[in-house]
Amino acid sequence: MKFLLVRQAAIIAALALLPAAGEAIYFRDKISWRSSIAPGEMVTVDQAGGWGDTAIWVDARPDDEFASDHVPGAISLNEDRWNELLPQFLAGWSPGKKVIVYCSSLSCNASREVAHRLRKEAQLSDVFVLEGGWEAWVKKNR
Amino acid sequence: MGEEEQMSQTPNLQRPMLNIQPLGGAATSNIKHRKSNIFWRILDFVLAGLFIFAGLSKICDLDHVMAHLQQLQFASALGDLRNLSLASPAEFANGIDNFKLLPWPVSVALAFYLPWLEIFCALGLVFRFLYRGALTLLIMLMLVFTLAITAAKVRGLDITCGCFGHASQHWSFPSHLATNLAILVGLLVLFFKATSRSRLRTAL
C-alpha cells in the first residue's frame, strides 16, 4: 500500500520534471539563478541619496503606512489603488527622471511588483527597487 | 387449505415476493452509491480545477483573463485565452524567496517545478490516473504551503503569496489559512475515501 503510494507519487513527480526542465531552458536568459533581482534594478540607500532631485521616490506601501510616515517628497503608488494613483504619479514624473520604489522592508514584495508594473504598463525604463526598503532608509536617515 | 399445504403445492409462490424486497433494496442502494460517487467526482473536479488554475496562473499571464472574468465579460476572457503569454518565473521565484526559508537557486528551481507538479497532480484527480499518489503529493504540498505561510506570519514577514498568481496577491493571512485548510480537508477526505474503497476491494 505504502509502496504503491510512493511509486505513484514518484511517477507524477518525475512527469512534472519534464515540462519544468523545458521551461527552465526556455527562460534560461530571463532569470538569474544567482540573485533574486538583476543587479541593475536594485539601488542602495546611499546610491539613491546621491541622485538627489533627479529621482522620484515612490512609496509602494499601503495607504495607512504612507500616511503615518514616508520619505520626504515620495509619491504614494500602491497596487490597492493603482488606477487612481498612477495618473497622480505620472503627473509628477518627467522624462529622464529615475524612479526609486520602496516598500516596508527587505522581505516585502510590493516594491518589486510596482516597479514591474511601471516598466510594463507605464513603459518607464529607469525604475529601481530600494534595497532594504523603508526600514533601510530610516536606519540611514533618522 | 393450510398455509403449509399451499406452500408445498405451489413452492414458488412466495419466492417472487421474497425476491422483490432485496432487489428493491439493491436498487435504492445503487442510486445512493451513484449519488455518492457523483459527489466525490464533483469534489475531485473542484479541487483539480483549483490546482490547475493555481499552476496555470504561475505559468501564464492570466491578468487580462481574470480582469475580464471579474467584470463578467466571458467572451473577452475567452479571447484573451487565445493570446496568452508566458508569465515570468522570476515573479513566482520572488514569491518563494520572500518566505526567507530557501536559498535563491532553490526558489528558482521550485518556481519552474511547482506549477507543473500542481497541474499533473490535478490531472491525476480528473482522470483518476495515479489517483492516490496525486492526492498524497497534493496533501504534502498543502501542508508545506500552510506551514510556510504560518511561519512567515509568526516571523512578521510582510509577504505576497503567489499561490494563485496575482489573484491571491492581496489576501490576508486568515483568508490564506482558511483557503489552505479548506483545500487540505477536501484532499484528506478524498484520500481516506480512496483508501477505504481500495481496502474494501482487497477484502472482497
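The values are calculated or read from the model by the stated rules, or taken from the named source; none is laboratory data. Remember, it's a predicted structure, so these values are computed and weren't measured experimentally. Glycine gets a Cβ as well: all are built from the backbone with ideal geometry, and neighbour counts include every protein chain shown.
Looking at A:Ile56, A:Ile100, A:Ile75, which is the one that is closer than 22 Å to B:Ala90 by Cα and buried (at least 18 other Cβ atoms within 10 Å of the Cβ)? Break it down stepwise before answering.
Values: A:Ile56 fails: closer than 22 Å to B:Ala90 by Cα; A:Ile75 fails: closer than 22 Å to B:Ala90 by Cα.
Testing whether each residue is closer than 22 Å to B:Ala90 by Cα and buried (at least 18 other Cβ atoms within 10 Å of the Cβ) leaves just A:Ile100.
Whenever a residue of the range A:47-62 is assigned by TED's automatic domain parsing to the domain that holds A:Asp126, its partners that are of a type in the set (Lys, Arg) and surrounded by 14 or more Cβ atoms within 10 Å (Cβ to Cβ), lying with C-beta atoms within less than 7 angstrom and at least six residues away or across chains, give the pairs A:Trp51/A:Lys98; A:Thr54/A:Lys97; A:Thr54/A:Lys98; A:Ala55/A:Lys97; A:Ala55/A:Lys98; A:Ile56/A:Lys97. Of the set (1) among the β-branched types (Val, Ile, Thr); (2) in contact with a Lys or Arg (Cβ under 6 Å, 6 or more places away or on another chain); (3) assigned to a loop (DSSP other than H, G, I, E, B), all apply to A:Ile56 but (3).
Residues are listed down the side, and each one gets a yes or a no for (1) out of contact with any helix residue (DSSP H, G or I) (no Cβ under 8 Å at 6 or more places or on another chain); (2) within 14 Å of chain B (Cβ to nearest Cβ):
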site: A:Ala67; (1), (2): yes, no
site: A:Pro72; (1), (2): yes, no
site: A:Leu85; (1), (2): yes, no
site: A:Ser94; (1), (2): yes, no
site: A:Lys97; (1), (2): no, no
site: A:Arg112; (1), (2): no, yes
site: A:Leu130; (1), (2): no, no
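Residues of the range B:96-126 that are part of a helix (DSSP H, G or I), facing chain A (nearest Cβ under 7 Å) and within 25 Å of A:Asp29 (Cα to Cα): B:Asp97, B:Trp104, B:Pro105, B:Val108, B:Phe112, B:Tyr113, B:Trp116, B:Leu117. Of all residues in the range A:110-135, those satisfying the criterion of being over 11 Å from A:Glu41 (Cα atoms) and among the polar types (S, T, N, Q) are A:Ser111, A:Gln123.
Only helices (runs of 4 or more DSSP H) whose full extent lies in the range A:72-142 are considered here, and the ones with at least 1 residues that are closer than 15 Å to A:Thr54 by Cα, modelled with pLDDT of 85 or more and more than 11 Å from the chain's Cα centre (by Cα) are A:82-92.
Scan the range A:81-109 for residues that are under 14 Å from A:Thr44 (Cα atoms) and of a type outside the set (Val, Ile, Thr) and jot them down.
Within the range A:81-109, the first condition is being under 14 Å from A:Thr44 (Cα atoms), and the residues that meet it are A:98-103, A:105-106.
Within the range A:81-109, A:Lys98, A:Tyr102, A:Cys103, A:Ser105, A:Leu106 qualify.
Candidates in the range B:127-137 are the residues that are part of a helix (DSSP H, G or I) and closer than 18 Å to B:Arg197 by Cβ; of these, the one that is farthest from the other protein chains (Cβ to nearest Cβ) is B:Phe127.
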